[in-house]
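Asks: Below are the structure tokens for one structure; questions will follow.
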């Protein structure tokens, strides 16, 4: 039979657990350290015993204080803020050090054994009440352990997001291939996020280098559908407004066919099959010719 | 109410827009520009918007309309100095301003006008009417 505590028994329950944490703190800490060190998941290579002891002690301290409030189930309430902060820091640093999420959560879960032992010895003579205490403590520690997993996930996701941003920036380089002529070699699919980055970088570079021509080469773009075409044309229009004309080059025969079938309007933009053709056109447009030197024997 | 000053440089007129344009200011500018084009028999106008870091559809339309008016009067118009963020905003708003010539700055704008109109470099002071 599972007993659901009502608020008055909840009050006595939590305060008695909280008291145990305070009065038996050193013993609990000892036992918990022993527990953690004996686990396979104790990564002695990644963390020293002294550091582990400090972390554990800190956790006990804030947990005891939080539990004295009588709240026991809502770990998002203000009294648990210090506990969550400790777990937050703990989980993030473990993640960075290379611990797996399970290894990290074990820090919290391994606390159950010493806590239950302490509760058992604390002299609550009524076994039913003892069981309630232990069960409530169990639920609480489960929540805290799961919290560390959540934080771990979040920090990994932040790393991935940051890496994605860096990749986006790296993947849209704007290169000056001649005075006043820029080239934008696109590799990969063009989505709206990438288009924004591309537009900003291109326009910024046009202004900085005072270029009048930009060649967008799409040899590396696998497919061109109406959306991709829209993104390209938007970029061309924006560049034009800033004062530079755009050419699109690197159009493969299939892409040419697709574009016409999709009735994409290219009347506003000059297109060339290859980057070389586009460069020749751009040089001519800016009044330059290339002459080969004929060496005499 | 302030009016936007119009400078004359040879055969060209230069307008620098530095403040937020509201209805009255915009129509006053268009009045002034059209009269001045006719009066000075200007061949080209340069509209410098390099100080504007926010542009909305109203200004977009104003620029397009002013260019069209100038063209009707026989002058070419070039909008210069559009900031990247502004260009992106206009394009996202769907305002391509396709009838409007654009250039990077006043210098390039003048070069463009000279090329289009076929006027030689300044310094060659032919007698004008």
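Asks: Please give the helix A:112-121 orientation as an angle from the longest Cα principal axis of chain A, in degrees from 0 to 90, rounded to the nearest 10.
Replies: The angle comes out at about 10 degrees.
Asks: Summing -39500 (n - 2.57) over the DSSP H runs of n ≥ 4 in chain B and dividing by its residue number, what mean residue ellipticity at 222 nm do you reach, to the nearest 500 deg cm²/dmol?
Replies: Working: 4 runs with 55 residues, N = 129.
Helices in chain B give a 222 nm mean residue ellipticity of -13500 deg cm²/dmol.
Asks: If one computes the Cα centroid of region A:243-297 and of region B:14-81, what distance in Å separates the two points?
Replies: 33
Asks: Further, regarding this structure: With runs of 4+ DSSP H residues as the only contributors, calculate the mean residue ellipticity of chain A at 222 nm using -39,500 (n - 2.57) per run, divided by the residue total and rounded to the nearest 500.
Replies: -21000 deg cm²/dmol
Asks: Take the Cα of residue A:79, step 7 Å along the line toward its Cβ, and report every residue of region A:46-64 whose backbone nitrogen sits under 19 Å from that point.
Replies: Taking a point 7 Å out along Cα→Cβ of residue A:79, the residues of region A:46-64 whose backbone N falls under 19 Å are A:59-64.
Asks: Another question about this same structure. Along Cα→Cβ, 7 Å out, is where each label goes; now give me the distance between the ones at residue A:293 and residue A:68 in nm to one decimal.
Replies: Going from the residue A:293 label point to the residue A:68 one covers 8.8 nm.
Asks: Using only Cα atoms and rounding to the nearest 10 degrees, what angle (0 to 90) does helix A:81-97 make with the longest principal axis of chain A?
Replies: Taking Cα atoms only, the helix is inclined about 50 degrees.
Asks: With each pseudo-label sitting 7 Å past Cα toward Cβ, what's the residue A:131-residue A:38 distance in nm, one decimal?
Replies: 2.6
Asks: Roughly speaking, what is the stretch gain from residue A:165 to residue A:47, that is 0.36 nm per residue apart minus the C-alpha to C-alpha distance, in nm to one decimal?
Replies: 39.3 nm
Asks: Still on this structure, please answer the following. Only Cα pairs under 8 Å and at least 6 apart count here; give the relative contact order of region A:7-165 as a rounded whole percent.
Replies: 32
Asks: Okay, moving on. Could you state the angle between the C-alpha long axis of helix A:192-209 and the longest principal axis of the C-alpha atoms of chain A, as a value from 0 to 90 degrees rounded to the nearest 10?
Replies: Around 60 degrees separate the two axes.
Asks: Report, as an integer, the average count of C-beta atoms from other chains found within 10 Å of each Cβ along A:224-236. Intermediate values should be presented prior to the final figure.
Replies: Working: counts 0, 0, 0, 0, 0, 0, 0, 0, 0, 2, 5, 2, 2.
Averaged over the peptide's residues, the number is 1.
Asks: Which residue fluctuates most in the GNM of chain A (Cα springs below 10 Å): A:261, A:34, A:231?
Replies: A:261
Asks: How many nm is it between the label spots at residue A:122 and residue A:226, if each spot is 7 Å from the Cα in line with the beta carbon?
Replies: Here the modelled spin labels are 6.8 nm apart.
Asks: Next up: If packing is taken as the average count of other Cβ atoms within 10 Å, what order do A:140-148, A:45-53 fall into, highest mean first? Mind showing how you got there, number by number?
Replies: Working: A:140-148: 19.2, A:45-53: 12.1.
So the order, starting with the most tightly packed, is A:140-148, A:45-53.
Asks: I would also like to ask the following. For peptide B:96-106, what's the mean number of Cβ atoms from other chains within 10 Å of each residue's Cβ?
Replies: If you average over the peptide's residues, the count of other-chain Cβ atoms is 4.
Asks: Then there's this: If the viscosity is 0.692 mPa s and the temperature 37 °C, what Stokes-Einstein diffusion coefficient in µm²/s follows for chain A when Rh is the Kirkwood radius over Cα pairs?
Replies: Once the numbers are plugged in, D ends up at 133 µm²/s.
Asks: Moving to a separate point now. Counting only the backbone N, which residues of region A:254-297 are under 18 Å from the spot 7 Å out from the Cα of residue B:107 toward its beta-carbon?
Replies: A:286-287
Any read-out appearing in this document is the output of simple, stated calculations on the displayed coordinates, not a laboratory observation. On a predicted model such as this, the values are computed, not experimentally measured, just so you know. Backbone-built Cβ (ideal geometry, glycine too); neighbour counts: all protein chains shown.
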